[in-house]
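Quick notes on the structure that follows.
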Amino acid sequence: MGSGQSHPDVQTKPTMKPRLTRCMRILCAVLLLALAGVAQDQANIVITGTSKFHMAVPDFRASSAVPKEVQDTLNQVLWNDLYQSAVVVMVGRSLYTAPVPNSEADLNNASLRSAWSSAPLSVQRLVFGTMDVQAGGLMVSGYLYDVTQPPGGGRLLARRYVNPDTTEGARSIAHHLADDIINALGFGPGIATTQIAYIHSTPGGQQEVWTMDYDGANKQQRTHLKGIIYSPRISPDGTELAFVQSIHGDFQIRLLSLLTNRLLPFPHFRGNLSESPAWSPDGTKLAFASNMSGPNMEIYTINVNGSGLLRLTHSRGYDNVSPAWNPKPPKGSPGGQIAYVSSRANLPQIYIMNADGSDPTRLPLGGFASSPSWSPNGLMLAFAWVRNYGSRNAGAFDIYIWNFGTKNYIQLTHNEQRNDFPSWARDNRHIVFESGPPFHTQLYTVAADGSVPAQLTTSGNNEMPNWGQ
């Protein structure tokens, strides 16, 4: 899958090339063997721009005091952030023939507005600004205008930002400005300031939790435990991380403070496997799967402080795993709503139950379905699925989205390879997932309409992404 280009002069049609991922930790070993011989395919993702604002973002005017690399970083990151938002069509800079405003006062000139809003540019929203260095700090003023409005109107955003005059400071300002622009356009919170947690494996097989910015930059190692670690999950407020660690052969859930990078206390349960932690919407509880009560995996919830353990499922000869808490459950759901994967129908299927364990209901999917992930608005569920599992033309895992309004699904990836572990961004528009050959899995993002695909990692083995809200 190709990443979005920096400063593109024309709208392009990126090519998405998902590849075979490694076997899931649970329930998937047999499936991978069945799919090992499938040939690689690819799917073209077309950015249509339908019903999206046409936006121009000329380079910000900079004083001579601003280092060139700082200027370039701010301009490039801001462009990429807005391009990746999937809600605007970026008008290529090679087409800019209109004068760039030096200040808001310049927009009192009707001919300047017309130069931007008329053909051939036909810009609807104009972003411009200035940058300077004062007292060792980078000062950026950013503006967003609806240039189709007459002089004296159309201002949607005017904001000033201050950070150290470094490339890191410029990058942070660009992210915050981009999110402010998306919000000012009426699309709610953006994703430019969000983080993604994931598992990175070393050549020796050791696994650690890492985090990175939404675009793959600023990668940071969060754990130094030198062992088997998986299933990282960021808390709703972004301050804590739940994950699974192998401790003397037992797999147990651990908690890490993202503020101090120190482990926090959490109970160690009976049995040798407790995994798949999932935060409740308010961050006070975790749902997880465990074999603490017998040979089969069951779903439990517990308060983060270790109290209030509650068993939700009671299986006989089958497993229940991979719980995912609905951030916005429908009214009348006792304690909320949880999606999970159960093998009660032989092949793994996705079920939804109330958070007290009542009213389990299976999604009408068939095949082999796993890895459920709720959209933040609770209206959609992303998952990995082999629709025709068991047939000679079973295919491999693709990412799908179930729409609870239409009670139907759409297919996000179209290929003969495997894509897994989808996770939603807070804007309800983007998904991160893993894809790649065994031991060289990489992470990708894509908008839910199939546009703006981007590759976030390129080296090592990177898997099980979780998008912080």
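The values are calculated or read from the model by the stated rules, or taken from the named source; none is laboratory data. Just so it is clear, the structure is predicted and the values come from calculations on it, not from any experiment. Neighbour counts run over all protein chains shown; Cβ positions are idealised from the backbone, glycine included.
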| query | Across the range 147-180, what is the number of residues that are assigned to a helix (DSSP H, G or I), of a type outside the set (D, E, K, R) and out of contact with any Leu (no Cβ under 9 Å at 6 or more places or on another chain)? | reply | 2
| message | Restricting to the range 247-264, give me the number of residues that are of a type outside the set (S, T, N, Q) and within 16 Å of Gly283 (Cβ to Cβ). | response | 6
| request: Please determine, by comparing only the residues of the range 214-234 that are touching a residue at least 40 places away in the same chain (Cβ under 8 Å) and buried (at least 21 other Cβ atoms within 10 Å of the Cβ), which one is farthest from Lys285 (Cα to Cα). | output: Asp215
| remark: Those residues of the range 293-342 that are assigned to a loop (DSSP other than H, G, I, E, B), at pLDDT 95 or above and of a type in the set (Ser, Thr, Tyr) come to a total of 2
| request: Give me a count of the residues in the range 343-388 that are assigned to a loop (DSSP other than H, G, I, E, B) and touching a Ser or Thr at 6+ places or on another chain (Cβ under 6 Å). | output: 1
| In the range 312-347, which residues are of a type outside the set (Gly, Ala, Ser) and either under 17 Å from Pro376 (Cα atoms) or touching a helix residue (DSSP H, G or I) at 6+ places or on another chain (Cβ under 6 Å) (or both)? | Pro323, Trp325, Asn326, Pro327, Lys328, Pro329, Pro330, Lys331, Gln337, Ile338, Tyr340
| field | Hits in the range 315-333 - residues which are without any contact (Cβ under 8 Å) to a residue 40 or more places away in the chain, touching a strand residue (DSSP E or B) at 6+ places or on another chain (Cβ under 8 Å) and within 23 Å of Met292 (Cβ to Cβ) | value | Ser315, Tyr318, Asn320
| field | Verdict on Thr211 being in a strand (DSSP E or B) and of a type in the set (Ser, Thr, Tyr) | value | yes
| For the range 316-347, what are the residues that are among the hydroxyl-bearing types (Ser, Thr, Tyr) and buried (at least 21 other Cβ atoms within 10 Å of the Cβ)? | Ser322, Tyr340, Ser342
| said: For the range 427-447, give me each residue that is buried (at least 21 other Cβ atoms within 10 Å of the Cβ) and either aliphatic (A, V, I, L, M) or part of a loop (DSSP other than H, G, I, E, B) (or both). | reply: Asp427, Arg429, Ile431, Val432, Gly436, Thr441, Leu443, Val446, Ala447
